[in-house]
Structures are given as structure tokens and as C-alpha cells.
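Asker: For reference, the structure I am asking about is given below.
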Amino acid sequence: MNRRTFLGGLCAGALMSASTEKPEVAITIDDFGWWAIPEPWRAQACGTLLGHLHKRGVQAAGFVAGRRVDSAEGLMIVRRWRDAGHWIGNHTYSHEGIDSMGLEAFEADVLRNEQLLGGLLTTPKIFRFPMLKEGKTAAVRDGMRGFLKEHGYRNGAVTIDASDWYYSSRLADRLKADPGFDSKLYRAPYLKHIADRAAYYDGLATELLHRKVRHTLLVHFNLINVLFLGDLLSQFQQTGWRLVDASYAFGDPIFERAPQTLPAGESLVWALAKESGRFEKTLRYPGEDDVYEEPLLDGLKL
């Protein structure tokens, strides 16, 4: 057997092994914009989300944007998550993009949020970029990476990106215009959306790395998840996924990678695939956005 045949056999064997492994996913929840959730769901939102996670015995990671919780009630919500054992990460104070703010102002915004959250932040510290945008230039990208390292942060990257925020904002707008609208009509399309994105990024990661990764799913502290997070977690379990703790997921070696792509950001899997040069014909930019979901929901008249 020659070397090429031998290596090809190894790759084929690795892919076959990866295809039979149970995919794993941790839940990460961004922003904590609790006050934007309409009543009657707002009052019970925190308890509902925590309850679904507790029922399944999984630890999530919450990435908190300070201006969403800069009040006694907001900080109490963050404390409830911390006391329940979930990771708390820094998501900037203002939730503005790094390119629109500029590097120096963005760094100051990260430190402002750190001061607000104080001891609520998990140690070692973890940070997530708003909108998953890490800089359009190498100077901004690399400058921020240096800043995070200097201040003891690791990048709380996402492997499974999605547009739950669009489903949620669209549903909230519909309920505002029509209070009698049946919110359950959003359940099936939302669950399908997440299932589709999870399958896509898991397949892309397996093809790219020849192994399964411990995924981190991006969703938000919003109406759609107050309504359907329990169903979403059940769907993962019923379709062969294993729900895992965020601390375990972030231990996967993929989170040590720092793609050199520009613009920097998106799903970590997307960025690594882009960097490889092997998926130019299939990758879309941005990886996820409302423009992909709007026609679908328009077609469903939702």
C-alpha cells in the first residue's frame, strides 16, 4: 500500500467514525434583553428559561450586554443565572459593532461592562463579539485579540449560528399589531430553522476537520426562546443530539483556533471553512441574517 492510499484510508476511517458519533451541543444565550420581551411573558421569562435548562441538567453560557441589564432588576436576573451555575460572559456594554465604534472605544466598552458585572463574570473570563463581527481589517482584528489576551479573556465563539433574533422580533411585531395572533404558529418554522442550521454547521465542521466538534449554539434571551426553548432542547435530544455543558463544549480544541479571515468573525466553523479555501462555492456571507429567513416567513404569512 502506498502512502497516498494509506492516508486516504485513514481519512475515510475518520469520517466514517465521525458520522456515527452523537453530535454534541451546548446552549449559549446572548444579550439578556429581558425588558424587550412583551407581557405577559416578560415577568416569567427568566424563570422559564432557567427551568428548561435545569430540567435537562445542562449548564448554559450567558453573554451579557451591560446596557440590557444596567438596573437592579437586570443585575438580579444575571445573578440568578450565575447562582444556577451557568457561565456569565462579557458581551460589551453597548452591544455596538467593533468597526462602527473603533478599536479604542470598543475596548473601553468591554471594560465598562466588566466593571458593571464585576464578580458575576465567570473565571476564566470569556467574551463574545456583538453580531459575531470581529473586525474588517487585520489591525482591528489583531488589536482586539491582543487586548482580550492582555485582559485574561478567551473568545466565546459560536459554532452553530442562527437567526432566532429575527424570528423573535418578527413575532413580537406581529403580536403588537395583532394581540390575538396565535404565537404557536411560529413553533414549527423556528424549530426547523434551528435544526437546519445545526445540521449544516455540524456537517461543515465534520467535512472540514474530519471529526465531530462540541458545538455552541447561539440563541438569545428573547420571546421566541421563552416560548419554545423547551421544545428546542427536546428536539435536539429526539434527533440524536447530546446536550452538554457549556464549560465542556468550550474545552474542544476548535476554540483554540483563531482564523485569519477578513472580515473577521461569523461562526467559528464558517470562518475556518473560509480560511481553508475549500468551500468558496458554498459559503454565503454573512453566514446568517434576516435576508435568508424573511422570504420563508413571508411565504408562510407569519
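Asker: Under the rule of at least 5 residues apart or a separate chain, name every residue whose amide H is placed under 5 Å from the amide H of His220.
Answerer: Under 5 Å from the amide H of His220: Asp30.
Asker: For Arg211 and Val291 in one chain, what is 0.36 nm times their gap in residues minus the Cα-Cα distance, to one decimal in nm?
Answerer: So the chain would gain 25.7 nm between Arg211 and Val291.
Asker: What does the accessible area per residue of the chain come to in Å², with a 1.4 Å probe and no ligands, DNA or RNA counted?
Answerer: 46
Asker: Ratio of Rg to Rh for the chain, alpha carbon only, Kirkwood?
Answerer: 0.97
Asker: Now for a different question. Sort segment 93-137 into rounded, prolate or oblate with this rule: let a ≥ b ≥ c be the square roots of the eigenvalues of the Cα gyration tensor; rounded if a/c is under 1.5, and if a/c is not under 1.5, prolate when a/b is larger than b/c, oblate otherwise.
Answerer: prolate
Asker: Now a separate question. Quick one: in segment 58-117, what % of C-alpha pairs are over 15 Å apart?
Answerer: So the portion of pairs separated by more than 15 Å is 49 percent.
Asker: Probe 1.4 Å, all protein chains in place: accessible area of Val58 in Å², nearest 10?
Answerer: Here the accessible area works out near 20 Å².
Asker: Along Cα→Cβ, 7 Å out, is where each label goes; now give me the distance between the ones at Leu120 and Ser71 in nm to one decimal.
Answerer: 1.3
Asker: When ranked by the protection proxy of mean other Cβ atoms within 10 Å per residue, highest first, what sequence do the peptides 20-31, 158-169, 136-147 form?
Answerer: Output ranking for 20-31, 158-169, 136-147: 158-169, 20-31, 136-147.
Asker: Cross-link partners among lysines for Lys192, C-alpha distance below 20 Å, same-chain residues fewer than 8 apart left out?
Answerer: Lys22, Lys184, Lys301
Asker: Using a/c under 1.5 as the rounded threshold, could you call segment 163-302 rounded, prolate or oblate? The axes a ≥ b ≥ c are square roots of the C-alpha gyration tensor eigenvalues, and prolate needs a/b larger than b/c, oblate otherwise.
Answerer: prolate
Asker: Kindly identify segment 189-234 as rounded, prolate or oblate by the Cα gyration tensor criterion: order the square roots of the eigenvalues as a ≥ b ≥ c, call it rounded if a/c is under 1.5, otherwise compare a/b with b/c, prolate if a/b is larger, else oblate.
Answerer: prolate
Asker: Another question, if that's okay. May I ask you to rank Trp41, Trp270 by accessible area, largest first, using a 1.4 Å probe over the protein chains only?
Answerer: Trp41, Trp270
Asker: Now for a separate question. Could you pull out every residue, at least 5 positions away or on a different chain, whose amide H is within less than 5 Å of the one on Ala26? Hs are placed 1.01 Å off N in the peptide plane, and Pro or chain starts have none.
Answerer: Amide H to amide H, under 5 Å and 5 or more residues apart or across chains, Ala26 pairs with His215, Thr216, Leu217, Val244.
Asker: Given labels modelled 7 Å from the Cα in the Cβ direction, how far is it in nm from Ala36 to Gln235?
Answerer: 2.1
Asker: Quick one: go through segment 50-82 and flag any residue whose amide nitrogen is under 11 Å from the point 7 Å out along the Cα-to-Cβ line of Met101.
Answerer: Once the point is set 7 Å along Cα→Cβ of Met101, 65-67 turn out to lie under 11 Å by backbone N, inside segment 50-82.
Asker: Here's something else I'd like to know. Tell me, in nm to one decimal, what length is gained between Leu300 and Asp173 on full extension, where the rule is 0.36 nm per residue of separation less the Cα-Cα distance?
Answerer: In short, 44.1 nm is gained.
The values are calculated or read from the model by the stated rules, or taken from the named source; none is laboratory data. Every value quoted in this text rests on a predicted model; they were computed, and no experiment measured them. Positions of Cβ are backbone-derived with ideal geometry, glycine not excepted, and every protein chain shown enters the neighbour counts. Each accessible area value is taken on the protein alone, full model and side chains, heavy atoms only, with ligands, DNA and RNA left out. Shrake-Rupley method; radii C 1.70, N 1.55, O 1.52, S 1.80 Å.
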